[in-house]
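Enquirer: Encoded as structure tokens, here's the structure I'll be asking about.
Values in this text are rule-based calculations from the coordinates and carry no lab data. Not measured: the values here are computed from a predicted model. Cβ placement follows ideal geometry from the backbone for every residue including glycine, while neighbour counts extend to all protein chains displayed.
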Amino acid sequence: MLVVAEREQLPVQQAKAGEPEAWSVLFRRYQLPLYVYIFELVRDEQTSLDIVQEAFIAAVRHIGSLRDEEKFGGWLFGIAHQKCVQCWRRENRADAMREEMAESPPDFDDGPDQWLIRREQEAEFMNLLNELPLPQRSVLLLHFVKDFSLEQISEITETPLGTVKSRLHYAKRALRKILEDQDE
Amino acid sequence: MKTPLEVLLQQHQGAPPKLDAIRAKVVAGIACAPAPKSISWLDMARSLRWHLAGWSAAWVVVMVLSIDHSPSTVAQIPRDKIPSPQKIWASLREHRRLLLEDSDAAVVEASAPPGRRSEIEPAQAEV
């Protein structure tokens, strides 16, 4: 179980200085949520592990470009997201990420954000996640896996904030519908 | 009851050992990489020695080509050989006298001072 205090001081400065132990701490903190995010997008274990490794190496190589050290997590997920997009391009699936909502952005009154899933709903939850269009799935995963803010998700996916809000709204609505249908 | 995160993590319980291996591999790569060391001015100059030598040679060529080889228009006279103003004045007067001797008319005209105005006017009046 990944339990890390959100306000924990990350050794980003030491990592910038090239200290291996600092990198180990950073990677240990993010490796599992990063892997979950990548796997649920590409749906292949080996590809996911490869992307995690590529993201780690890219992070080490480009850490100098990170200005705000508190945004390390979002920055690392942004690298991984771009690697996923490159993967889709290789597989000619990049069009899947361009899918947009047909409807205009709704009012964002998504209600309480406390999702609790019963054991019998878990399989349905995973099925729903897999059926969601990639853009919605990406936003929903970032929201669930690391509880990134809408602004952070916007930066990670390089998508306008309004689009992120819209995608998250529709993804949550679909999820709520599934869970409510099962309650009935 | 589980949160979505817990459900997701449950699906990937076998991943951590593989992720640990990847992390160890990447971190080992960082440890093996040469640490960035501080560069002194001497090191920087040493690394740029060929560039500096090239630029120096280029500037030497430019300076050689831009030197003015024409003789100087101003004669360099030693200070102790410069004649005094009195000598220069005497020399000029002597020079002028010699020039005037070469031309008699000029000498006459030059040597005959004009008469007084009171002496000239009556003669002109007679004419």
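Enquirer: From a point 7 Å beyond the Cα of A:LEU116 in the direction of its Cβ, which residues of segment A:151-183 have a backbone N at a distance under 16 Å?
Expert: It comes to A:179-180, A:183, nothing else.
Enquirer: For labels at B:LEU42 and A:ARG67 in the simple 7 Å Cα→Cβ model, what's the distance in nm?
Expert: It is 3.9 nm.
Enquirer: Please list, in chain and number order, the residues 5+ apart from A:ARG118 or on another chain whose amide H is under 5 Å from its amide H, with Hs placed from the backbone.
Expert: Counting only residues 5 or more places away or on other chains, the set is B:LYS2.
Enquirer: In addition: Note down the nm distance, to one decimal, between modelled labels 7 Å out along Cα→Cβ at B:LEU92 and at B:ALA57.
Expert: Reported label-point gap for B:LEU92 and B:ALA57 is 5.8 nm.
Enquirer: Using a Förster distance of 45 angstrom, determine the FRET efficiency expected from the C-beta separation of B:ILE67 and A:LEU161, and round it to 0.05.
Expert: Working: r = 68 Å, r/R0 = 1.50.
The pair B:ILE67/A:LEU161 has a calculated efficiency of 0.10.
Enquirer: Could you tell me which of the pairs B:LYS2/B:LYS25; A:LYS83/B:LYS18; A:LYS146/B:LYS2; A:LYS83/B:LYS25 are separated by over 26 angstrom between their Cα atoms in the structure shown?
Expert: On the way: B:LYS2/B:LYS25 33 Å; A:LYS83/B:LYS18 19 Å; A:LYS146/B:LYS2 16 Å; A:LYS83/B:LYS25 19 Å.
Table pairs above 26 Å Cα-Cα are B:LYS2/B:LYS25.
Enquirer: In whole Å, how far is the Cα centre of segment A:63-88 from that of segment A:153-180?
Expert: When both Cα centres are located, 20 Å separates them.
Enquirer: Length gain on complete extension for the stretch A:ARG90 to A:LYS16, per 0.36 nm per residue less the alpha carbon to alpha carbon distance?
Expert: Full extension of this stretch gives 23.5 nm more.
Enquirer: Excluding A:PHE27 itself, calculate the net charge of residues whose Cβ lies under 12 Å from the Cβ of A:PHE27, where each Lys or Arg counts +1 and each Asp or Glu counts -1.
Expert: Details: positive: A:ARG28, A:ARG29, B:ARG23, B:LYS25; negative: A:GLU21, B:ASP20.
Here the charged neighbours net out to +2.
Enquirer: If packing is taken as the average number of other Cβ atoms within 10 Å across a peptide's residues, how do A:146-155, A:122-131 rank, most packed first?
Expert: Values: A:146-155: 17.9, A:122-131: 15.2.
Ranked by mean Cβ neighbours within 10 Å, highest first: A:146-155, A:122-131.
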